[in-house]
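A.B. asks: Mind having a look at this structure? Questions to follow.
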Amino acid sequence: MLKITMFSRADTVKGQGVGSAYNELIKMLKARFNKTFDVRINEYKKSDISHYHTINPEFYLSTFFKRRRGVTVGYVHFLPETLEGSIHLSKPIQKIFNWYVLSFYRRMDKLVVVNPSFTPELIKAGIPEKKITYIPNFVSNEEFYQMTPDKKDELRQKYQISSDKFVILGVGQIQKRKGVDDFIRLAKENPEVSFIWVGGFSFGKITDGYEEYKKVYENPPANLTFTGIIDRSELVNYYNIADIFLLPSYNELFPMSILEAFSCQTPVMVRNLDLYEAVISGYYLGADDFWEMDRAIKALQTDDDLLKKYACLAHEASNYYSEAHVGELWYDFYTGLLKTADETEKANV
């Protein structure tokens, strides 16, 4: 049995996608491959593979004990530049942090990226391409699924939303990078539509734009609701009461929220970003700016056929990014490291 130690503090901060991706992976491995993989969490015992999900300093130090760590795998959920607009740090601290992130990645024997667009940037940072593997995120269709019309109506009553109200849903941390400004502006421009943003300030006052967004959060337009950070188990309800899932981010990784929406067969609209082309091209309605989003929202309110089209595309996407399909990719990746593990052991004797 292959011993895999997962190193992560991702679930210590609620409301971030890295934690959701980590929990999905652990649950899937234990359910599907419990006879092949012995998965341990944050243990410093000898392992065949040490998989680092977060870049905490104590994890960095552990990589210097190579004989105990086996093959080291770094999970690349972000690059330094993708954090711009998420947290606000002084320039000297930001420079040190950027160096640390890349230093952590360079210490790994293998890297797994959640988006292939990360690969060229890692190569520029001096990491050999042969060390990098792309494996997408996924969500469980047992947790995120399309509900019946009756159940959707029941949920709308629960959340005090009329059955004929058009609902736009946004999910994520409240920060500048997520395009929350446009979401708020769209709500103001479309008072007849109900806008809901699920998420909060996971990083507190160091969140980029915290003071500005806090004011709107506490006193939003009448048709805009901020739920704050909620349990992930409740998210499926919001995807099912929404007519459209809208993610107006300026910079993204591979958002779990998009996969969650796909799995619920909720039509997806996003700001056009190059990185989406590599992973979900053809499955979403894209918009370049606020005005295109606004026009699309107005059109979708009266075009049931267009809504059905993107609901069908969401269903197709969810099949590709299913737990079963991505689970096989992880199985092949981990078992393929057996040879690397043997080579690492010999090199450290």
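A.B. asks: Cα convex hull of region 14-78: how many Å³ per residue? Display every interim value, and only then the final one.
C.D. replies: On the way: hull volume 6.3 nm³, N = 65.
Each residue corresponds to 97 Å³ of Cα convex hull volume.
A.B. asks: Can you tell me the orientation of helix 323-348 relative to the chain, as the angle in degrees between its alpha-carbon axis and the longest Cα principal axis, to the nearest 10?
C.D. replies: 20
A.B. asks: What does the net charge come to around D303 if you take all other residues with beta carbon closer than 13 Å to its beta carbon, with K and R at +1 and D and E at -1?
C.D. replies: Working: positive: R295, K298, K308, K309; negative: D243, D304, D305.
Charge balance near D303 sits at +1.
A.B. asks: Is the shape of region 132-179 rounded, prolate or oblate, going by the alpha carbon gyration tensor and its root eigenvalues a ≥ b ≥ c, with a/c under 1.5 for rounded and a/b larger than b/c for prolate?
C.D. replies: Values: a/c = 3.69, a/b = 1.54, b/c = 2.40.
Oblate, since a/c reaches 1.5 and b/c is not below a/b.
A.B. asks: Please compute the Kirkwood hydrodynamic radius of region 189-287 from all pairs of different C-alpha atoms, in Å with one decimal.
C.D. replies: One decimal place: 14.9 Å for the Kirkwood radius.
A.B. asks: If you don't mind, there's one more thing I want to ask. Using a 1.4 Å probe and counting only protein heavy atoms, arrange T335, T266, T225 so the residue with the most accessible area comes first.
C.D. replies: Sorted descending by solvent-accessible area, the residues read T225, T335, T266.
A.B. asks: Now a separate question. Dipole of the chain, Cα-centred, from +1 at each Lys and Arg C-beta and -1 at each Asp and Glu C-beta, to the nearest 20 debye?
C.D. replies: On the way: 43 positive and 46 negative charges, 359 e Å.
Here the size comes out at about 1720 debye.
A.B. asks: Continuing with the same structure: Tabulate in residue order the Karplus-calculated ³J(HN,Hα) for region 245-262, using 6.51 cos²θ - 1.76 cosθ + 1.60 with θ = phi - 60°, rounded to whole Hz; enter x for Gly and Pro.
C.D. replies: 9, 10, 10, x, 4, 8, 8, 9, 10, 9, x, 4, 4, 5, 5, 5, 5, 3
A.B. asks: Suppose the Debye formula is applied to equal point scatterers at every Cα of region 227-349; what is log10 I(q)/I(0) at q = 0.09, 0.12, 0.15, 0.21 Å⁻¹?
C.D. replies: The computed values of log10 I(q)/I(0) come out as -0.35, -0.55, -0.76, -1.25.
A.B. asks: Hey, another quick one. Please get the size of the charge dipole for region 64-203, origin at its Cα centre, with Cβ charges of +1 on Lys and Arg and -1 on Asp and Glu, quoted in debye to the nearest 20. Walk me through the numbers on the way to the answer.
C.D. replies: On the way: 22 positive and 15 negative charges, 232 e Å.
So the magnitude is around 1120 debye.
A.B. asks: Can you pull the semi-axes for region 245-294, root of five times each eigenvalue of the Cα gyration tensor, sorted largest first, whole Å? Please report the intermediate quantities before stating the final value.
C.D. replies: On the way: eigenvalues 50, 33, 18 Å².
Each semi-axis is the square root of five times an eigenvalue, giving 16, 13, 10 Å.
A.B. asks: Tally up the carbon and sulfur contribution to the accessible surface of the chain as a whole percent, 1.4 Å probe, everything protein left in place.
C.D. replies: On the way: 8270 of 16100 Å².
It is 51 percent, rounded to a whole number.
A.B. asks: List the aspartates and glutamates whose Cα lies under 17 Å from the Cα of K214, skipping any in the same chain that are fewer than 8 positions away.
C.D. replies: Within reach: D181, D182.
A.B. asks: Taking every pair of distinct Cα atoms and averaging 1/r, then inverting, what Kirkwood hydrodynamic radius in Å comes out for region 1-149? Walk me through the numbers before you get to the answer.
C.D. replies: Values: mean 1/r = 0.0603 Å⁻¹.
Hydrodynamic radius (Kirkwood, Cα only) of region 1-149 equals 16.6 Å.
A.B. asks: Quick one: helix 232-241 against the long Cα principal axis of the chain, what's the angle to the nearest 10°, folded into 0 to 90?
C.D. replies: So the helix axis and the longest Cα principal axis differ by about 30 degrees.
A.B. asks: Over region 27-178, average the accessible area per residue using a 1.4 Å probe and give it in Å², no decimals.
C.D. replies: Ligands and nucleic acids excluded, the figure is 50 Å² per residue.
A.B. asks: Of V180, Y100, L246, which is farthest on the positive side of the dipole of the chain, counting Cα position, with +1 on Lys and Arg Cβ, -1 on Asp and Glu Cβ, and the Cα centre as origin?
C.D. replies: Y100
A.B. asks: Roughly what angle does helix 91-106 make with the longest principal axis of the chain, taking Cα atoms, 0 to 90 degrees, to the nearest 10?
C.D. replies: Roughly 60 degrees between the two axes.
A.B. asks: Roughly what % of DSSP beta bridges within the chain run antiparallel, to the nearest 5?
C.D. replies: Working: 2 of 39 bridges.
In the chain, approximately 5 percent of DSSP beta bridges are antiparallel ones.
A.B. asks: Using heavy-atom solvent-accessible surface (probe 1.4 Å) with all chains present, what is the largest-first order of D231, D164?
C.D. replies: Details: D231 90, D164 130 Å².
The ordering from most to least exposed comes out as D164, D231.
A.B. asks: Can you give the Rg and Dmax of the chain based on its C-alpha atoms, in angstrom?
C.D. replies: Values for the chain (Cα only, Rg and Dmax): 21.0, 69 Å.
A.B. asks: How are the C-alpha pair distances of region 113-258 spread across 10 Å bins, as whole percents from the shortest bin up?
C.D. replies: 10, 34, 31, 17, 6, 1
A.B. asks: Then there is this: Rounded to the nearest 500 deg cm²/dmol, what is the calculated helix-only ellipticity per residue at 222 nm for the chain, with -39500 (n - 2.57) per DSSP H run of length n ≥ 4? Intermediate values should be presented prior to the final figure.
C.D. replies: Values: 14 runs with 154 residues, N = 349.
Computed mean residue ellipticity for the chain: -13500 deg cm²/dmol.
The values are calculated or read from the model by the stated rules, or taken from the named source; none is laboratory data. This structure is a prediction, so every number in the text was calculated from the model and none was measured. Glycine also receives a Cβ, built like all others from the backbone with ideal geometry; neighbour counts cover every protein chain displayed. With ligands, DNA and RNA removed, areas are computed over all heavy atoms of the protein, side chains included. Shrake-Rupley method; radii C 1.70, N 1.55, O 1.52, S 1.80 Å.
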